[in-house]
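What follows is a set of notes on a single structure, which appears directly below.
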Amino acid sequence: MESFEVTENMLDGISHLVSEQAIKGETVLLNMGPQHPSTHGVLRLLLELDGEQVINCIPDIGFLHTGIEKNMEAKTYEKAAVMTDRLDYLNTVGNNLVYCLAIEKLIDLDVPPRAQALRVILVELQRIASHLVWLGTHALDLAAMSVFLYCFRERELILDILEMVGGQRMMATCIRPGGLWRDVPPAFDETVRYFLKVFPARIKEYEDMLTKNPLFLERTKKIGILSKEDAIRWGITGPILRASGVAHDLRKVKPYSGYEQYDFEIPTHTDSDTYARYLVRMEEMRQSLRIIQQALDTCPEGAVRSNDRKYVPPPRAEIGVSMEALIHHFKLWTEGFIPPKGAVYAAVESPRGELGVYLESDGSPKPYRVHWRTPSFVNLQVLPLLAKGHLVADLVALIGTVDVVLGDVDR
Amino acid sequence: MTSGLIWEWIIKSLVIVFGLLTGFAYLTLFERKALARIQVRIGPNRAGPLGLLQPVADAVKLIFKEELIPSKADKIIFILAPIITVIPALIILAVLPFGGVITLFGKQYSLSLVDLNVGVLYITAVASISVYGIVLAGWASNNKYAMLGGIRSSAQMISYELALGLSFIGPILLTGSMSMTDIVETQKPLWFVVYQPLGVLVFWIATLAEVNRAPFDMPEAEQELTAGYHTEYSGMKFALFFMAEYIKMIAVSAIAATMFFGGYHFFWEDKYPILGPIWLLAKVVALLFGMIWIRATLPRIRYDRLMAFGWKFLFPLALANVFFTALGVILGKLWLIPVLTMVALLVAIYLVSMSQTRRWNKNVL
């Protein structure tokens, strides 16, 4: 058949990435994606196959490039926060948080304790939501289709809470420099507590369907083993690193937003395979519930936004009565605030690993450079390593277990 | 041979074929509804009351859809493949008795098309033809995904056909005949499922693989091979593949009901033979629901494990079932069959779980 012959342009520029046999035409080159049901967006994988065995897997990214980093340089600091949601669309609150942490570090802005606690609650809810999407799609890739819809049922509860807080289900930008956009509504406490009450039983439901299912074990055990050394060498963070036996979690190692007050564990595993990563993420959801419970119980009353008028716009009510407030409001929303010159790096533990933002200020109201250290981008690098020697069928499990969000990779 | 008999055959054939086609249309709806209910959704409910017109809407859409043939595809085989797949599915039920003899307008009619004395053989023979359609479709499409799907399905079907054929031998031995009518009549006092618990299990697993249903839907494997062998097909040609798959689901459920679950026999069927087809339909629907339920619950088994499972687990079990059935029939002690086969099954499960644990404990892929 004609298409099985390797044509010149198919290997154009990539001939050094594939093996000798591929150039001779002895192995099959297969394009998986960017339009493929299991590549979680627009990831393109060029596969070199011997039968169904993967000899080489070459990820090709950039199909979802949005230029957000560059665009943020054209916006004032506070307005650019809106763009951070669009990076990793499953961890929107976390993106806001790390960006705001960087600004707060740059200008040394205080954050009231109530805002800190609420930030933790929102970020942990977001972590659960993100893990639910991961679990659902991971199970769906292995064709356990019902789990997907069960996961989205619970994710809906979380999205409702986020909507309640920020007025938008996914991209609310409710975390702003100096605290939160505004205080949570009175029903927030009750709704989150309802979620805390129902969710443990739901986790058990997913585990009933998967954890001891022989077919699921078959598809995940001993698949995609990533040794501890390799994981560290490749700069892997997040659940993948922890499933390889390294108890590294920025919430414990470098606590931010008051994580040091909460009692929780970092689940780790030593099997380093897809199943271990599944177990780690399932346990992380339970730990997140613990954190939310504690944060909710100890959440103090008070302001949710810093009182530093040079950086934080005044409340609406003040504008009508205070000339100064009006001037601040006008200045902040037209010109924006001017941080001191300098560069900072802030990082948080996103559901996928270390999410960092590097912010450089040149003394103007707009950032000189914003660089994101996104976990998906770094973690995706190990996919070829994991995939080598496995079957095409395992590859979809591996894409699922790496848990990439293409918006996060390409940004 | 009178012309009346020929007319009777033609009418019966048409009834079976149109029954299957309607059954196919409503099976898709049934599957979507049942899956939706299991997955806390509602399912199609827009077209007509309770979504009952959804199959019509689907059919209209597929008929008017543009049919694309890839430029480098082998055109003749590309067009032929869906036809080869769908025809065996349509004719497979010709030997199946749908009921006893009914009296209509003073004449007696038997509720089956033909009573072939090698009915079971006919079923196995016809069932294996459709694999050609799938392999050829995969090959003719000139698409690597389709090719992989086609190769997978040929390997899968050939492996599972053996276990399927062997599981038929149980009822044949118990009846002493290959005619489907005889098999049903023998089950009047007691269904064969009692004597053949292992046979039913082997048959059911092999059937799921034979009709490409989850967890053995390897050739399609949406998440891996996009759509497997019918990736390049669109419009009515795609619908034919779809039709073949669903009609085969109905057919194998009907065969399972006939071979192991007493066919059309159930309460009051003696007195009112017209109840026969209704009981058969009820059994078929129950078995179909089983298939849908499995699809909603289980992940897909991996291709190489599927082959290992077929050859190392299912095939020996099917052989054991044949052996113990023959033993029971020769000794005249039928109660021995379920006891011995269940022991064989437990031993096999124990051995498999041991080997699995060892495989996972070994630090190799």
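Data table
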| quantity | calculated |
| --- | --- |
| Most fluctuating residue given options B:Glu185, B:Glu210, B:Glu161, as computed from a GNM of chain B linking Cα atoms under 10 Å | B:Glu185 |
| Cα-based shape type of segment A:293-343, given that a ≥ b ≥ c are square roots of the gyration tensor eigenvalues and the cut on a/c is 1.5 | oblate |
| Longest exposed-site-free window of chain A, the sites being GluC sites (Glu not before Pro) in a DSSP loop that have at most 14 other C-beta atoms within 10 Å | A:74-264 |
| Proxy reagent accessibility, fewest Cβ within 10 Å first, across A:Thr211, B:Thr2, B:Thr231 | B:Thr2, A:Thr211, B:Thr231 |
| Built amide H within the under 5 Å cut-off of A:Arg44, gap 5+ | A:Asp60 |
| Shielding by partners, peptide B:290-302 (average Cβ within 10 angstrom, other chains) | 6 |
| Label-point separation, B:Ser3 to B:Val60 (7 Å along Cα→Cβ), nm | 4.0 |
| GNM flexibility winner over chain A from A:Leu140, A:Leu380, A:Leu17 (Cα, springs under 10 Å) | A:Leu17 |
| Segment B:Ile11-B:Phe289, length gained on full extension (0.36 nm per residue, minus Cα span) | 97.1 nm |
| Chain A: relative contact order in percent, alpha carbon pairs under 8 Å with at least 6 residues between | 24 |
| Cα shape, chain B, gyration tensor, a/c 1.5 rule | oblate |
| At R0 = 35 Å, FRET efficiency that the Cβ-Cβ distance of A:Ser227 and A:Phe63 yields, to 0.05 | 0.70 |
| Positive minus negative residues near B:Gln187 (Lys, Arg vs Asp, Glu; Cβ under 13 Å) | -1 |
| Cross-link reach list, lysines versus A:Lys252, counting only Cα pairs under 24 Å and skipping chain neighbours closer than eight places | A:Lys105, A:Lys228 |
| Sparsely packed trypsin sites (Lys or Arg not before Pro) within segment A:291-370, loop by DSSP, other Cβ within 10 Å at most 14 | A:Lys310, A:Lys341 |
| Spacing of the two label points (7 Å from each Cα toward its C-beta) at A:Met170 and B:Gln108, in nm | 6.9 |
| Euclidean distance between Cα centres, segment B:14-37 to segment B:284-353, Å | 28 |
| Highest-fluctuation residue, B:Thr124, B:Thr181, B:Thr103 considered, GNM on chain B with Cα pairs under 10 Å | B:Thr103 |
| Ascending count of other beta-carbon atoms within 10 Å, so fewest first, for B:Met180, A:Met323, B:Met291 | A:Met323, B:Met291, B:Met180 |
| Distance in nm between pseudo-label sites at B:Lys312 and A:Val253 (7 Å out along the Cβ direction from Cα) | 4.0 |
| Filtered trypsin sites (Lys or Arg not before Pro), segment A:198-285: DSSP coil and at most 14 other beta carbons within 10 Å | A:Lys212 |
| Entries of A:Lys222/B:Lys312; A:Lys79/A:Lys310; B:Lys75/B:Lys237; B:Lys12/B:Lys107; B:Lys188/B:Lys248 with Cα pairs more than 19 Å apart | A:Lys222/B:Lys312; B:Lys188/B:Lys248 |
| Exposure proxy order (Cβ contacts within 10 Å, fewest to most) of A:Phe330, B:Phe64, B:Phe309, B:Phe266 | B:Phe64, A:Phe330, B:Phe266, B:Phe309 |
| Net length gained if the chain between B:Trp335 and B:Ile349 were fully extended (0.36 nm per residue, minus Cα distance) | 2.8 nm |
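No lab work stands behind these numbers, since they all come straight from the coordinates. No experiment lies behind these values; they were computed from the predicted model shown. Please note: Cβ atoms are built from the backbone with ideal geometry, for glycine as well, and neighbour counts cover all protein chains shown.
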